[in-house]
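Read through the structure below, which is laid out as structure tokens, and then see the notes.
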Amino acid sequence: MIAKPEQGTYQPGKRAMFKVKHARTADCVVAGFRWHKSGDDAVGSLLLGLYDKAGRLHHVGVTSAFTMATRKALAAELAPLRKNALKDHPWRDWAGVGAEATRMPGGQSRWSAGKDLSWEPLRVERVCEVKYDHLQGDRFRHATIFLRWRPDKQPRDCRYDQLEVTTPYELEKVFGAG
């Protein structure tokens, strides 16, 4: 929703309106990461997953808005989870696959424009809470914002059914002349 201040507060040359968004959060499995473009000592993005009703872990998006200091700290913090990560990883079949598929970590999309999207698997043991704007199908539509680690949550508890479902509206009913 776009809102503007009270009447009579017009300010020439200034943007007086602002956006008001509904805040949604989700607890997600951190199943892997991508290295930062600066090199192998900093995390670029965390790969997020959610379980469906059948117990299958789906790649749902990434979170990547970190300072460089946090990126380097994450690389050190996540290093132990890299050991033997691929052995029982739910996405292990994707590790050796090239860029043909689009729903997997490392898969190309129209937005990636040939970038290196290789990823490092992590043992599926960590959970984080992220803020998201919108879910389109079974993936987050825009990048998510990392809020915090959730040591109190088990990865198996990170399921689609925790997400808020918004009721679609017919725009004609909302904005149409009646």
Label-point separation, residue 164 to residue 77 (7 Å along Cα→Cβ), nm: 2.5 nm
Pairs beyond 31 Å (Cα-Cα), from 14/37; 14/173; 153/173; 21/87; 21/173: 14/37; 14/173; 153/173; 21/87
Length added when fully stretched, residue 88-residue 40, from 0.36 nm per residue minus Cα-Cα: 14.9 nm
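Values quoted throughout were computed directly from the atomic coordinates according to the rules given, and no laboratory measurement underlies them. Note that the coordinates shown come from a computational prediction; the quantities given were computed from them, not determined experimentally. Glycine gets a Cβ as well: all are built from the backbone with ideal geometry, and neighbour counts include every protein chain shown.
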